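As structure tokens, the structure follows; a few thoughts come after it.
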Amino acid sequence: MSMRFRHADAIWRDYPELTAGALCATGVGAVADVGERVAAWTAHAADRLADATEGTFPEVLAWRRAFARMGLRPTQYRCAAEALLRRLRKEGTLPRIHPVVDLCNAISVAYAVPVAVLDADRIAGPLLEVRYAVGDEHYTAFGGGAEHPAPGEVTFADSAGRAHARRWTNRQSGHSAVSEHTSRILVVAEAMHEGGAQAVPELLKTLAEELAAHWPADPVAAVLTPSTPEFTFGDRARPTLG
């Protein structure tokens, strides 16, 4: 069964600076030695942090402006890339969770762009959409607790009304988190800064190469735009290209 991923028209309308991309890969698993590559990509971010804090990065500042427009305090709610960069600056390392997640996190800090990675088989099709929440969507926290996104909050909502994110790029859902049982992933990268149109395609290419180097995966990716907003994926993903 194929599944569609898209951003709602209202998101493109309200955030015209958005550059988004999606990638699907099948055949990933919990056994892979990604330590060397994680260290290499993390080192890129550490080098940049040696000269400036993450709060001065244009990629982060752009998301802070977007969060402020959503009515959120940017220093209380941070996009995922900023939170990871902050942790790297303070602790000198990133958490080791799962080889796929570790790679995505390392590439995220290297590009300073939020990267969401979801277990595609935990998403109720046929549509996963980045849209404004109605308020009755169900969100499962990593600790297992249930929440409802606030009405108007940007979330990733599937066809069963399950929310797979809170506050857009702030926090993912425990329900679709990558685990030892995951074999098929959907990855979403979103940028708001001026260089996003160059950064997102490069990030997707980098991630596809890293995944193919460590698993018998056949990653397929596409950059999404208001005119070509949809990415269709299934057992074999099919990109919608402009």
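Values quoted throughout were computed directly from the atomic coordinates according to the rules given, and no laboratory measurement underlies them. Computed from a predicted model, the values in this text were never measured in an experiment. Cβ placement follows ideal geometry from the backbone for every residue including glycine, while neighbour counts extend to all protein chains displayed.
Work out the length of the dipole vector of the chain about its Cα centre, built from +1 on the beta-carbon of each Lys and Arg and -1 on the beta-carbon of each Asp and Glu, and round it to the nearest 20 debye.
500
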Completion exercise
Taking the dipole of the chain about the Cα centre (Lys, Arg +1; Asp, Glu -1; charges at Cβ), the one of 187, 164, 233 that reaches farthest to the positive side is 164
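Taking the alpha carbon gyration tensor of segment 160-241, what are the square roots of 5 times its eigenvalues, largest first, to the nearest whole Å? Show your work: numbers first, answer last.
Working: eigenvalues 82, 72, 40 Å².
Listed largest to smallest, the semi-axes of segment 160-241 are 20, 19, 14 Å.
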Problem - Nearest-0.05 FRET efficiency for residue 124 and residue 206, computed from C-beta distance (R0 22 Å) - result: 0.15
Completion exercise
Which residues qualify? For residue 7, with a placed amide H closer than 5 Å and at least 5 residues away or on another chain, they are 130
Completion exercise
The answer for the net charge of residues other than residue 196 whose Cβ lies under 9 angstrom from its Cβ, with Lys and Arg +1 and Asp and Glu -1, is -4
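Suppose we keep just the DSSP beta bridges with both residues in the chain; what percent of those would be antiparallel, to 5?
Details: 33 of 39 bridges.
Of those bridges, close to 85 percent are antiparallel.
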Practice task
Mind putting a number on the dipole of segment 75-128 about its Cα centre? Charges go on the C-beta only, +1 for Lys and Arg and -1 for Asp and Glu, and I need it in Debye to the nearest 20.
Solution key: 280
Practice task
Of the options 174, 203, 101, report the single residue whose Cα projects farthest towards the positive end of the charge dipole of the chain (beta-carbon charges: Lys, Arg +1; Asp, Glu -1).
Solution key: 174
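Just want to confirm a number: the relative contact order over segment 1-97, from Cα pairs under 8 angstrom separated by 6+ residues, in percent.
Values: 31 pairs, mean separation 21.6, N = 97.
It comes to 22 percent, rounded to a whole number.
Based on alpha-carbon positions alone, could you give the equivalent ellipsoid semi-axes of the chain from the gyration tensor, as √(5λ), descending, whole Å? Mind showing how you got there, number by number?
Values: eigenvalues 110, 98, 63 Å².
Computed over the chain, the values are 23, 22, 18 Å.
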Exercise for the section: Quick one: check the C-alpha center-to-center distance for segment 2-68 versus segment 136-206, whole angstrom. Expected result: 11
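Mind giving me the FRET efficiency for residue 9 and residue 36? R0 is 30 Å, r the Cβ-Cβ distance, nearest 0.05 is fine. Don't skip to the end; give the middle numbers.
Numbers: r = 42 Å, r/R0 = 1.42.
For residue 9 and residue 36, the calculated efficiency is 0.10.
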Practice task
Let me know the shape class of segment 1-62, please: from the alpha-carbon gyration tensor, a ≥ b ≥ c as square roots of the eigenvalues, rounded when a/c is under 1.5, otherwise prolate if a/b is greater than b/c, or oblate.
Solution key: oblate
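Given the Cα-Cα distance of residue 91 and residue 150 and 0.36 nm per residue of separation, how much length would full extension add, in nm? Write down the numbers at each step before the final one.
Details: separation 59, 0.36 × 59 = 21.24 nm, distance 3.23 nm.
Between residue 91 and residue 150, full extension yields 18.0 nm more.
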Exercise for the section: Set Lys and Arg Cβ to +1 and Asp and Glu Cβ to -1, take the dipole of the chain about its Cα centre, and tell me which of 118, 1, 63 lies farthest positive. Expected result: 63
Completion exercise
In debye to the nearest 20, the charge dipole size for segment 155-242, taken about the Cα centre with +1 at each Lys and Arg Cβ and -1 at each Asp and Glu Cβ, equals 340
